[in-house]
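The values are calculated or read from the model by the stated rules, or taken from the named source; none is laboratory data. Quantities reported herein were computed from a predicted structural model and do not represent experimental measurements. Here the Cβ positions follow ideal geometry from the backbone for every residue, glycine too, while neighbour counts run over all protein chains shown. Calculation scope for accessible area: heavy atoms of the full protein, side chains included, ligands and nucleic acids excluded. Shrake-Rupley method; radii C 1.70, N 1.55, O 1.52, S 1.80 Å.
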Amino acid sequence: RLEESPGLRVPHMGWNEVHGLRSDPLTASLDGKWFYFVHSYAAPVGDWTLSTCVHGQPFSAIVRRDNFRGTQFHPERSAGPGAELLRSFVEVVDRSKLFQMIEDMQRQAEPVKAEAPAKPSSRKTKQ
């Protein structure tokens, strides 16, 4: 939970600047941009942090771990920078889907030995 102090309101509501910490296609052009936040809790800065923000203390503003990504702010309420982030997200996800589709197609292209279907039994069963 964010700590409240004199002059520092919790929940954190309003615009705040985001600073890049690690390079990532998702955040390539977002350093120094302002986003809209509404939150009382925040993830600490860690190995998964791509961008940070400060509201009394530094916290993770954008995170990524494997194929999971998340933001502490509201991109849909963050005007141009939010739209830019959402556009980047779609491009990054589409690219990763493309690579996955290529891998799937390559696996499917490998020859697979098909088995002949089983013949139906000619025996009649007693009732």
Residues of the stretch 1-57: accessible area per residue at 1.4 Å, in Å²? 59
Quick one: order Ser23, Ser78, Ser88, Ser5 from most to least accessible surface, probe 1.4 Å. Ser23, Ser5, Ser88, Ser78
Among GluC sites (Glu not before Pro) in the stretch 1-105, those in a DSSP loop whose Cβ has at most 15 other Cβ atoms within 10 Å are Glu3, Glu4
Calculate the spin-label point distance for Tyr41 paired with Gln106, positioning each point 7 Å from the Cα along the beta-carbon direction, and give it in nanometres. 4.0
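Would you mind getting the Kirkwood hydrodynamic radius of the stretch 1-42 from its Cα pairs, rounded to one decimal in Å? Kindly include the intermediate steps, with their values, before the conclusion.
On the way: mean 1/r = 0.0849 Å⁻¹.
It works out to 11.8 Å.
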Quick one: dipole size for the stretch 1-96, taken about the Cα centre, charges +1 on Lys/Arg Cβ and -1 on Asp/Glu Cβ, in debye to the nearest 20. 80
If I model a spin label as a point 7 Å beyond the Cα along the Cα-Cβ vector, how far apart are those points for Phe99 and Glu76 in nm? 2.9
Roughly how much of Ser29 is accessible, in Å² to the nearest 10, using a 1.4 Å probe? 60
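Leaving ligands and nucleic acids out of the surface, order Tyr36, Tyr41 by accessible area at 1.4 Å, largest first.
Heavy-atom accessible area, descending, gives Tyr41, Tyr36.
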